[in-house]
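So the structure is just underneath, and the comments pick up after that.
The values are calculated or read from the model by the stated rules, or taken from the named source; none is laboratory data. All of these numbers come straight from a predicted model, not from anything done at the bench. Methodologically, a virtual Cβ is constructed for each residue, glycine included, from the backbone with ideal geometry; neighbour enumeration extends over all protein chains shown. Accessible surface is based on the protein model in full, side chains and every heavy atom, while ligands, DNA and RNA are left aside. Shrake-Rupley method; radii C 1.70, N 1.55, O 1.52, S 1.80 Å.
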Amino acid sequence: MQSNPLIIVFITTLFPVVFVLFWIGVVYLISWLSGWQRLAKKYATWMEHPIQRRSMASARIGLSNYNRVLQLGLNPQGIYLSVFILFRVGHKPLFIPWSEIDEVTEVNFLFRKLYKIKIGKPELTTILLPKHYFEGWEQYLLKK
């Protein structure tokens, strides 16, 4: 059986295009399900990284888990969040002022201590972050 070279060329050029379009669609859907899109309408930023930052951070934002793809930054004005470049579609970098944090509760999940942080007034989404990310910054986070 002979293979048609035109079909092989078509498949080898079409697959990457379809894969990239699928990737963009999935990543954009994740940003919408998590509430990142709502946060970006109010808190999008292009500022430089804050004083203290953590690469490959993890969080649960809304309905979506961001495992080791976040850049988390803290400074006296607020929290900076961005995602790894391959997941950037639909995820503008965010800077959330401490004053926009409505409620913080400590929760335990699978032997981990987390902060459940409600963002926005009215609430835009909820973020679950490991408690140890905020060591030294609790006075800003828990000021209420």
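Numbers at a glance
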quantity: Sulfur and carbon atoms: percent of accessible area, the chain [1.4 Å]; calculated: 65
quantity: Loop sites in region 75-105: chymotrypsin sites (Phe, Trp or Tyr not before Pro), DSSP, at most 14 other Cβ within 10 Å; calculated: 84
quantity: Filtered trypsin sites (Lys or Arg not before Pro), region 58-137: DSSP coil and at most 15 other beta carbons within 10 Å; calculated: 88
quantity: Among 7-17, 32-42, the order from most to least packed when residues are scored by Cβ within 10 Å on average; calculated: 32-42, 7-17
quantity: Probe 1.4 Å, accessible area per residue of region 86-144, Å²; calculated: 58
quantity: Mean accessible surface per residue for region 1-40, computed with a 1.4 Å probe while every protein chain stays in place, in Å²; calculated: 80
quantity: Charge dipole (debye, nearest 20) of the chain; +1 at Cβ of Lys and Arg, -1 at Cβ of Asp and Glu; calculated: 140
quantity: Three semi-axes of the equivalent ellipsoid, the chain, Cα gyration tensor, whole Å, largest first; calculated: 38, 15, 14
quantity: Isotropic mean projected area of the C-alpha convex hull, region 23-96 (nm²); calculated: 4.4
quantity: For the chain, the longest site-free run once GluC sites (Glu not before Pro) in DSSP loop states with at most 12 other Cβ atoms within 10 Å are removed; calculated: 49-122
quantity: Region 25-39 - phi-based ³J(HN,Hα) in whole Hz, Karplus 6.51/-1.76/1.60, Gly and Pro as x; calculated: x, 5, 5, 5, 4, 4, 5, 6, 5, 6, x, 4, 4, 5, 4
quantity: Directionally averaged shadow of region 65-143, computed from the convex hull of its alpha-carbon atoms, nm²; calculated: 5.5
quantity: Farthest positive-ward along the chain dipole, Cα basis, beta-carbon charges - from 51, 107, 11; calculated: 107
quantity: Net lengthening on full extension, residue 20/residue 48 (0.36 nm per residue, minus Cα-Cα); calculated: 7.2 nm
